[in-house]
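*Asks:* Structure provided below as structure tokens; questions to follow.
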Amino acid sequence: MNAAAPHLVQRLGLFSSTAIVVGSMIGSGIFIVPAEISRGVASPALLIGAWLVTAVMTIIGALSYGELAAMMPKAGGQYVYLREALGPMWGFLFGWTLFLVIQTGTIAAVAVAFGKFLGVFFPAISSSHWLLHLGHVPALRVGPMVLGNMDIGLNTANLTGILIVLLLTGINIFGVRLGALVQNVFTTAKTAALLGLVILGFCLGRKPAAMAANFGHNFWQGASWHTLHPVQVGVGGPITMVGLLAVLAVVQTGSLFSADAWNNVTFTAGEIRNPKRNLPLSLVLGTAIVITLFIAANFVYLFALPLLGDPHGATVFARGIQYAAEDRVATAALEQIFQNSGAYLMAAAILISTFGCANGMILAGARVYYAMSNDGLFFKPTSKLHPRYKTPVAALVIQAVWTCFLCLTGSYSQLLDYIICTELIFYILTITCLFVLRKRRPDAERPYRAVGYPVLPALYIGMAAWICVVLLRYKPQFTWPGLLIVLLGIPVYWIWSRRRQEVTAA
């Protein structure tokens, strides 16, 4: 970029950057995922244990990323750290996977979830209300995986999701300050809503039957080191029995994903005021706030509903946490407090939550593609900023187009399942950058140094590696497709690199 070209403007303060962390983390997962985890562990102690594992990993990750963020406060964040420490190919593979699946797939899932929960108030909005049904892709079994099995077309739920994506993309085109304002308002609202759920649950949601079923000696049922837990290998595969550490690793696909996207704030580093202070501080503050609320919310669920339930139960209480209708645990818990109005209160909270989550991810993701394009590793127009608003317009538009396509195909949920292990691998690689840069650039300015280095970063790498190994063994449908998506990026990288060299030589 020449000297006269528009450049990113530092307009985000500590509150706005923390709001991006909190807003990107709180989506719809915390309201739904505990049901799936409960079916996997069948133990109140292990339900909380799963979230504690997520808490430890997320906080260590934030503390570790803080050093890299303060050291290299540039647009692109994690892409830049990988590029500088491990080489441009690793940075590209992260950005490639982020664009193809991680960021856009998550935005699509969150936006369509907005449409589905809006249907609580407007029944015409539904994934079964088709405006243009192009067809059904049949299920295709490939080893332990099932591909396809999705409907393609336009229904009122994904149309609502597409409109939300376009609206938020437009808002973020008109300046990072406007995008940050939307983020601040909705993050404050949904944090208050989640805090309200916690307070109401602690004050009014304690049901004697649920307390008796979940606490006291029942709290520790199934949490012994000697207890074995059933896990199905792959899709439709055999049932195998695993120990405590293995089952906690298996269920991390839910809790880690629910608490993910905390790293998104690093993508916007070029627009944060005093980034050497505010970036690491926002990472730690944001993750601490969210993780505390998440763990408290799970206690609220245990106060209101028995963990073990009957899938054919006639009442919300009888179905318990394990078999809450459509896994909507938070809705079931609120119904115990407010009866029929609980569903509407929770739907409203989730609408606020998903809207703010989608906005934060749209704002942050485009900055990675902008940074990649400046390195000659993405579509050239995405390196341009709007002359007036100083926003990466082309990057925002391209991100929106691909996201809307994923909304139409209905494939985003499968893509997100595929990428859980891959995300962990990129987190491992990024935290490895700490060790690499400490050795290669010992004298580099480090306004913030990772707390607990080298023990805590090494602990994160060990925990994440264990989860990856367990998922590769017992949940191959969550691992191998994601690794394949990453590997497909290698030839794409070489093509783009060669083109960049030819342009430079010319």
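*Asks:* Only one residue in R319, R367, R328 is modelled with pLDDT under 90 and not acidic (D, E), so which one is that?
*Replies:* R328
*Asks:* For V397, which of the numbered conditions (1) buried (at least 20 other Cβ atoms within 10 Å of the Cβ); (2) at pLDDT 90 or above fails to hold?
*Replies:* Among (1) buried (at least 20 other Cβ atoms within 10 Å of the Cβ); (2) at pLDDT 90 or above, the lone unmet condition for V397 is (1).
*Asks:* Take the conditions in a helix (DSSP H, G or I), of a type in the set (S, T, Y) and surrounded by 19 or more Cβ atoms within 10 Å (Cβ to Cβ) and apply them to T287. Does it pass?
*Replies:* So T287 fits the description; yes.
*Asks:* Report yes if I152 is modelled with pLDDT of 90 or more, more than 20 Å from the chain's Cα centre (by Cα) and under 28 Å from F122 (Cβ atoms), otherwise no.
*Replies:* no
*Asks:* Let me ask you something else. Taking the stretch 466-506 only, how many residues are assigned to a helix (DSSP H, G or I) and within 19 Å of the chain's Cα centre (by Cα)?
*Replies:* 10
*Asks:* Looking only at the stretch 186-206, count every residue that is basic (K, R) and out of contact with any Phe, Trp or Tyr (no Cβ under 7 Å at 6 or more places or on another chain) and tell me the total.
*Replies:* Of the residues in that region, 1 qualify.
*Asks:* Looking at the stretch 447-475, which of its residues are more than 16 Å from L86 (Cβ to Cβ), out of contact with any Asp or Glu (no Cβ under 6 Å at 6 or more places or on another chain) and not aliphatic (A, V, I, L, M)?
*Replies:* P447, G452, Y453, P454, Y460, G462, W466, C468, R473, Y474, K475 - these are the residues of the stretch 447-475 that are more than 16 Å from L86 (Cβ to Cβ), out of contact with any Asp or Glu (no Cβ under 6 Å at 6 or more places or on another chain) and not aliphatic (A, V, I, L, M).
*Asks:* Looking at P280 and the list (1) under 18 Å from S258 (Cβ atoms); (2) assigned to a helix (DSSP H, G or I); (3) in contact with a Phe, Trp or Tyr (Cβ under 6 Å, 6 or more places away or on another chain), which single condition is not satisfied?
*Replies:* P280 satisfies all of (1) under 18 Å from S258 (Cβ atoms); (2) assigned to a helix (DSSP H, G or I); (3) in contact with a Phe, Trp or Tyr (Cβ under 6 Å, 6 or more places away or on another chain) except (1).
*Asks:* Please go through the stretch 11-32 and give me each residue that is closer than 13 Å to S353 by Cα, crowded, with 24+ Cβ neighbours inside 10 Å and among the polar types (S, T, N, Q), ordered by number.
*Replies:* S24
*Asks:* Could you identify the single residue in I431, I425 that is surrounded by 22 or more Cβ atoms within 10 Å (Cβ to Cβ) and either modelled with pLDDT of 90 or more or within 30 Å of F174 (Cβ to Cβ) (or both)?
*Replies:* I431 is the lone residue from the list that is surrounded by 22 or more Cβ atoms within 10 Å (Cβ to Cβ) and either modelled with pLDDT of 90 or more or within 30 Å of F174 (Cβ to Cβ) (or both).
*Asks:* Just one of G40, G119, G23, G29 is without any contact (Cβ under 8 Å) to a residue 60 or more places away in the chain and either in contact with a Ser or Thr (Cβ under 8 Å, 6 or more places away or on another chain) or farther than 30 Å from L377 by Cβ (or both); which is it?
*Replies:* Going through G40, G119, G23, G29 in turn, the sole match is G119.
Per-residue answers, yes or no, for (1) under 24 Å from the mean Cα position of the chain (by Cα); (2) part of a helix (DSSP H, G or I); (3) closer than 28 Å to M372 by Cα; (4) among the small types (G, A, S):
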residue	(1), (2), (3), (4)
V53	yes, yes, no, no
I60	yes, yes, yes, no
L131	no, no, no, no
A139	no, no, no, yes
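*Asks:* How about the stretch 381-417: which of its residues are touching a Gly at 6+ places or on another chain (Cβ under 7 Å) and among the hydroxyl-bearing types (S, T, Y)?
*Replies:* Within the stretch 381-417, Y389, T391, Y412 qualify.
*Asks:* It is to be established whether one or more residues within the stretch 328-335 are of a type in the set (D, E, K, R), closer than 30 Å to T169 by Cβ, touching a residue at least 60 places away in the same chain (Cβ under 8 Å) and part of a helix (DSSP H, G or I).
*Replies:* no
*Asks:* So for the stretch 220-243 (the condition being in a helix (DSSP H, G or I), surrounded by fewer than 18 Cβ atoms within 10 Å (Cβ to Cβ) and either in contact (Cβ under 8 Å) with a residue 60 or more places away in the chain or touching a Lys or Arg at 6+ places or on another chain (Cβ under 7 Å) (or both)), does at least one residue qualify?
*Replies:* yes
*Asks:* Any chance the stretch 79-100 includes a residue that's assigned to a loop (DSSP other than H, G, I, E, B) and modelled with pLDDT of 90 or more?
*Replies:* Yes, some residue in the stretch 79-100 is assigned to a loop (DSSP other than H, G, I, E, B) and modelled with pLDDT of 90 or more.
*Asks:* Follow-up. Suppose we keep only residues that are among the β-branched types (V, I, T) and outside any helix (DSSP H, G or I) within the stretch 141-175. Which one would you say is nearest to S411 (Cα to Cα)?
*Replies:* I152
*Asks:* Another question about this same structure. Would you mind finding the one in E326, E335 that is more than 30 Å from T430 (Cβ to Cβ) and crowded, with 20+ Cβ neighbours inside 10 Å?
*Replies:* E335
The values are calculated or read from the model by the stated rules, or taken from the named source; none is laboratory data. Note that this is a predicted model, so its numbers are computed, not measured. A quick note on method: Cβ atoms are made from the backbone with ideal geometry, for glycine too, and the neighbour counts reach across all protein chains shown.
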